[in-house]
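Inspection log for the structure reproduced underneath, given as structure tokens.
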Amino acid sequence: MKKILVIGASGFVGSYIVEELLTKGYTVHCLARNPTKLKSLADKGCKIFQGDILDPVSLQKATDSVDAVYISIHTLSPQSGNEKDMNFADVELEGIQNIISACKTNGVKRVIYVTFLGSTSDSDNAWIRGRWDAEQLLFHSGLDATVIGPGMIVGIGGQGYDSIVNNAKKGVAFILGFGKQKFSNIAITDLTYYLVGILNDSRSYGQRYDVGGDEILTTPQMIDIVAEILGRRHPKKIYIPVFPIRFLASVIERMSKMPKGAIKSLINSLKSDVCGDTNPIKRILPRPLLTFRQASKQALKRQINID
């Protein structure tokens, strides 16, 4: 496989996938709503397509003549266009079905989907259920699909980790809920190692892998570790009750251009720990993973170099 399409290349994880593929010598095509965001990738030789997962025509064009497709999309993020009026889970399901159709039309068999650690069909979190449904569409599509589910992704640009860093820089950290939710975590560089590493491995076809290290941490613990790396005191923690936010969910979604149901799903996600069995993929791609502290040092050093 030499020519790879990355859907969501302008996003946090997608941009890292592109860089890793280029490093490994692949030819990379990218699909993005706003191609101007990918000018630096175009300068590196990537072919850029303007399009969207809800636009079948653009997907047909982008999947033409490629050998594999990476799907790295985040439908809980603020949206623009008609899809902002859709339920976020419906956006993803329709988008995945459009991708499947485009792949079949153009004879693309290999698909790798970045989803969420521990997705299940019976979760009370609509986002997790929606991701489960999307995974099942891929697994029953006849394509050679692999699903990779990370927990907390440690890297500047990830919404969850950016919130950790921002709180660590303050004297007072505001945390939604009671701060008891536990997370498996993985450095963005370790995640892309897995994502690109399984590309040509037929053992991963039809498989779903949770990915992350053995270390399990709460949000307050992660904030304190980042504060220590930054040479700051542990911030005072203030825990924000979720009821007022749940009550104002529809207003917040409209003001922030988030899709319908996104806020409620985020609140419901606080009920469950983000942990899973991360051992199966380690038997295929063994390498020591960075701890949260090591990954944070790497991420913060990269931010300083960029800034």
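Within the group Val66, Val91, which residue is surrounded by 16 or more Cβ atoms within 10 Å (Cβ to Cβ) and either part of a strand (DSSP E or B) or modelled with pLDDT under 95 (or both)?
It is Val91.
Does any residue of the range 175-186 turn out to be closer than 23 Å to Ser15 by Cα, of a type outside the set (A, V, I, L, M) and under 13 Å from the mean Cα position of the chain (by Cα)?
yes
Counting just the residues of the range 140-155 that are assigned to a loop (DSSP other than H, G, I, E, B) and within 13 Å of the chain's Cα centre (by Cα), which one comes out farthest from Gln181 (Cα to Cα)?
So the residue we want is Gly155.
Checking the condition in contact with a strand residue (DSSP E or B) (Cβ under 6 Å, 6 or more places away or on another chain) and either of a type in the set (Phe, Trp, Tyr) or modelled with pLDDT of 95 or more (or both), which residue from Leu117, Leu138 passes?
Leu138 is the lone residue from the list that is in contact with a strand residue (DSSP E or B) (Cβ under 6 Å, 6 or more places away or on another chain) and either of a type in the set (Phe, Trp, Tyr) or modelled with pLDDT of 95 or more (or both).
Could you say which residue among Thr105, Thr146 is at pLDDT 95 or above, touching a Ser or Thr at 6+ places or on another chain (Cβ under 8 Å) and surrounded by fewer than 22 Cβ atoms within 10 Å (Cβ to Cβ)?
When all the criteria are applied, what remains is Thr105.
I'd like to verify a number: residues in the range 114-139 that are in contact (Cβ under 8 Å) with a residue 12 or more places away in the chain and either assigned to a loop (DSSP other than H, G, I, E, B) or among the basic types (Lys, Arg) (or both), how many?
Number satisfying all stated conditions: 12.
Out of all the residues in the range 168-198, which are in a helix (DSSP H, G or I) and either among the β-branched types (Val, Ile, Thr) or modelled with pLDDT under 95 (or both)?
From the range 168-198, those in a helix (DSSP H, G or I) are 168, 188-197; that's our starting set.
Listed by number, the residues that qualify are Ile188, Thr189, Thr192, Val196.
For residues that are modelled with pLDDT of 95 or more and of a type outside the set (A, V, I, L, M, F, W, C), scanning just the range 26-46, find the one that is surrounded by the fewest Cβ atoms within 10 Å (Cβ to Cβ).
So, considering only residues that are modelled with pLDDT of 95 or more and of a type outside the set (A, V, I, L, M, F, W, C), the one surrounded by the fewest Cβ atoms within 10 Å (Cβ to Cβ) is Thr27.
At least 2 residues that are more than 30 Å from Asp90 (Cβ to Cβ), at pLDDT 95 or above and charged (D, E, K, R) in each: list the helices (runs of 4 or more DSSP H) lying fully within the range 209-284 that qualify.
219-229
Being surrounded by 13 or more Cβ atoms within 10 Å (Cβ to Cβ), in a helix (DSSP H, G or I) and without any contact (Cβ under 8 Å) to a residue 40 or more places away in the chain is the filter here; which residues of the range 47-61 pass it?
Step one: filter the range 47-61 for residues surrounded by 13 or more Cβ atoms within 10 Å (Cβ to Cβ), giving 47-56, 58-61.
Now narrow it down to the ones that are in a helix (DSSP H, G or I): 56, 58-61.
Once the filter is applied, which keeps residues that are surrounded by 13 or more Cβ atoms within 10 Å (Cβ to Cβ), in a helix (DSSP H, G or I) and without any contact (Cβ under 8 Å) to a residue 40 or more places away in the chain, the range 47-61 yields Ser58, Lys61.
The values are calculated or read from the model by the stated rules, or taken from the named source; none is laboratory data. The model shown is predicted, which means the values in this text are computed figures rather than measured ones. Because the Cβ atoms are built from the backbone with ideal geometry, glycine has one as well, and the counts that use them run over all protein chains shown.
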